[in-house]
Amino acid sequence: MKQHFQNLVDEEEATIDMTPMLDVVFIMLIFFIVTASFVKEAGIDVNRPDASTAVKKDRASILVAISDKGEIWINKRRVDVRAVQANIERLHAENPQGTVVIQADKKATTETLIKVMDASRAAGILDVSIAAQEP
């Protein structure tokens, strides 16, 4: 009986407690989710113009799309030209290091593009880029 009891005690001591490891994994998961910057999609596909000097832009977190009909899309929803500045200010507050990239269609008017650029600068973002694709 004493030997049987001793075997049970040895088995209990030999188990591994996984709770601290799981705590560390969950804390790391929360840390990476909080610190990650998420790219907001503009919401429509745009036929971008070709440019031989196009350069990939890192950390572009605010995407604004202008369709061929002059519609402005931010964060998968259509936005009126008068509300562009407020939307960009809100997105800039969520990610202060982010930049604005305007994805204008080939057939979009320059007037709409300039209005979106002005709204971006009025929102306090001076780093505004226009998307193009390499030929």
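Each peptide in 108-117, 78-87 receives the mean, over its residues, of other Cβ atoms within 10 Å, and ordering these scores from highest gives 108-117, 78-87. In this simple spin-label model, placing a label point 7 Å from the Cα along the Cα-to-Cβ direction at both Lys69 and Glu89 gives a separation of 2.9 nm. For the peptides 96-103, 29-36, the ranking by mean Cβ contacts within 10 Å, running from highest to lowest, is 96-103, 29-36. Listed peptides 18-24, 62-68 appear in the order 62-68, 18-24 once ranked by packing, highest mean of other Cβ atoms within 10 Å at the front.
Computed from the coordinates by the stated procedures, all read-outs in this text should not be read as laboratory data. Quick caveat, the model's predicted, so the values are computed rather than measured. In this analysis, Cβ positions are derived from the backbone assuming ideal geometry, glycine residues included, and neighbour counts consider all displayed protein chains.
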